[in-house]
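Worksheet: the structure to be examined is printed underneath.
The values are calculated or read from the model by the stated rules, or taken from the named source; none is laboratory data. This one's a predicted model, so the numbers in the text were calculated from it and none came from an experiment. Positions of Cβ are generated from backbone atoms using ideal geometry, with glycine treated the same way; all protein chains shown enter the neighbour counts. When the accessible area is computed, the model is the full protein with side chains, heavy atoms only, and any ligands, DNA or RNA have been set aside. Shrake-Rupley method; radii C 1.70, N 1.55, O 1.52, S 1.80 Å.
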Amino acid sequence: MRLYVNIDHIATVRQARGTDEPDPVRAAVLCELGGADGITVHLREDRRHIQDRDVELLMKTARGVVNLELAAASDVLALAEGWRPHQATLVPERREEVTTEGGISLAGEAARGWVGEAVKRLKDAGIRTSLFIDPDADAVRASVDLGADAVELHTGEYANTRGEERHEQLRRLRRAAALGRSVGLGVHAGHGLTYENVSPVAAIEEIEELNIGHSIICRAVFTGIERATRDMAEILRRARAV
Ligand code: PXP
């Protein structure tokens with residue numbers, strides 16, 4: 001199982017102040033030291049968190065894989081062709097959303113047309129291409145037809161449900177993962193996974209990569225805040241000690 005850490009949330013904190021810290025590219029180095037196999041960034045069309053500069057630097061400094069998430073019909077597609085990250089994941093994007101809300105729609109002719117075109121362009125550029133989809137058989141089959149190398153199964157509904165409903169969502173993920181593997185796709189998963197809910201998903205044998213962001217950044221705040229406060233208190237103490 002590969003762990004790719006999504007560092008968008010570091011950029012969100014930076015953008016809230018418009019300064020240069022915390023730098024997601026620096027955070028990526030620490031994620032790699034901590035054992036991340038890859039770093040995931042979503043360069044949104046609205047540039048709400050990750051900036052072009054972040055991806056450019058990441059491409060030069062990452063030791064492991066860079067997985068670039070992007071919307072199929074955005075200006076980022078042309079940038080991705082130039083940057084040539086190891087992997088690109090096509091995701092849906094809506095301006096008013098707080099975060100990605102569901103898998104990419106592959107239902108209509110039009111949707112399949114522009115997603116298929118994006119897959120072709122990315123693959124022609126030598127980029128392994130994954131589609132972020134709801135964990136349903138139709139979406140898995142459509143992904144093969146469109147020429148994707150892999151699918152990322154959306155785990156948001158699993159994460160947002162409880163009890164029997166969650167068990168059903170887990171069975172849904174298992175079925176989609178098994179189908180994905182059987183038709184030759186790489187199977188990834190992610191969204192809403194936490195320290196509390198990740199284990200049953202990580203146990204699904206066909207899933208080979210998990211993309212996890214928010215929960216890791218939340219944990220980092222709590223494991224780091226005590227030390228950070230101590231460091232500042234020490235500077236204040238020393239300022240009067242001379
Ligand atoms: N995978 C995809 C396609 C996503 O859009 C996101 C969120 O940006 C994630 C994984 C990570 O989700 P979370 O931050 O909830 O762990």
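What residue, among those in the range 185-199 that are open to solvent by 50 Å² or more (accessible area, probe 1.4 Å) and touching a helix residue (DSSP H, G or I) at 6+ places or on another chain (Cβ under 9 Å), is farthest from the ligand (Cβ to nearest atom)? Break it down into steps so the answer makes sense when it comes.
Of the range 185-199, the ones open to solvent by 50 Å² or more (accessible area, probe 1.4 Å) are 191, 195-196, 199.
Okay, now just the ones that are also touching a helix residue (DSSP H, G or I) at 6+ places or on another chain (Cβ under 9 Å), so 191, 195-196.
Details: H191: 4, Y195: 11, E196: 13 Å.
Applying the filter and picking the extreme gives E196.
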### Summary
Considering the range 16-64, residues that are within 16 Å of the ligand (Cβ to nearest atom) and polar (S, T, N, Q), and then whichever is farthest from L3 (Cα to Cα), we arrive at Q51
### Message
So, in the range 193-229, how many residues would count as being in a helix (DSSP H, G or I) and within 16 Å of G38 (Cα to Cα)?
### Response
3
### Message
Which of the numbered conditions does R172 fail, given that it passes all the others? Conditions: (1) more than 16 Å from the ligand (Cβ to nearest atom); (2) open to solvent by 60 Å² or more (accessible area, probe 1.4 Å); (3) basic (K, R).
### Response
(2)
### Query
Among the residues of the range 205-221 satisfying the criterion of being buried (at least 18 other Cβ atoms within 10 Å of the Cβ) and acidic (D, E), which is nearest to the ligand (Cβ to nearest atom)?
E209
### Task
For A178, state whether it is over 18 Å from T89 (Cβ atoms), more than 15 Å from the chain's Cα centre (by Cα) and touching a residue at least 60 places away in the same chain (Cβ under 8 Å).
no
### Query
Counting only residues that are within 15 Å of P92 (Cβ to Cβ), of a type outside the set (V, I, T) and within 12 Å of the ligand (Cβ to nearest atom), how many does the range 136-158 have?
4
### Query
From the list E157, E164, which residue is modelled with pLDDT of 95 or more and surrounded by fewer than 14 Cβ atoms within 10 Å (Cβ to Cβ)?
E164
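What do you reckon, is I217 under 26 Å from L106 (Cα atoms), in contact (Cβ under 8 Å) with a residue 60 or more places away in the chain and out of contact with any Lys or Arg (no Cβ under 9 Å at 6 or more places or on another chain)? It would help to see each step written out before you state the result.
Working: under 26 Å from L106 (Cα atoms): no; in contact (Cβ under 8 Å) with a residue 60 or more places away in the chain: yes; out of contact with any Lys or Arg (no Cβ under 9 Å at 6 or more places or on another chain): yes.
Taking the combined requirement at face value, the residue does not satisfy it.
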### Summary
Pairing a residue in the range 191-204 that is among the polar types (S, T, N, Q) with any residue that is modelled with pLDDT of 95 or more and open to solvent by less than 50 Å² (accessible area, probe 1.4 Å), where Cβ atoms lie under 6 Å and the two sit 6 or more apart in sequence or on different chains, gives T194/S215; N197/A159
#### Entry: Candidate set from the range 175-184 (those that are among the small types (G, A, S) and assigned to a helix (DSSP H, G or I)); member that is surrounded by the most Cβ atoms within 10 Å (Cβ to Cβ)
G180
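Please work out if E101 is under 15 Å from the mean Cα position of the chain (by Cα), surrounded by fewer than 16 Cβ atoms within 10 Å (Cβ to Cβ) and either charged (D, E, K, R) or assigned to a loop (DSSP other than H, G, I, E, B) (or both). Before you say what the answer is, go through the steps one by one.
Values: under 15 Å from the mean Cα position of the chain (by Cα): yes; surrounded by fewer than 16 Cβ atoms within 10 Å (Cβ to Cβ): yes; either charged (D, E, K, R) or assigned to a loop (DSSP other than H, G, I, E, B) (or both): yes.
When the stated conditions are applied, E101 passes them.
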### Wholly enclosed helices (runs of 4 or more DSSP H) of the range 1-73 bearing at least 3 residues touching a Pro at 6+ places or on another chain (Cβ under 7 Å)
8-17
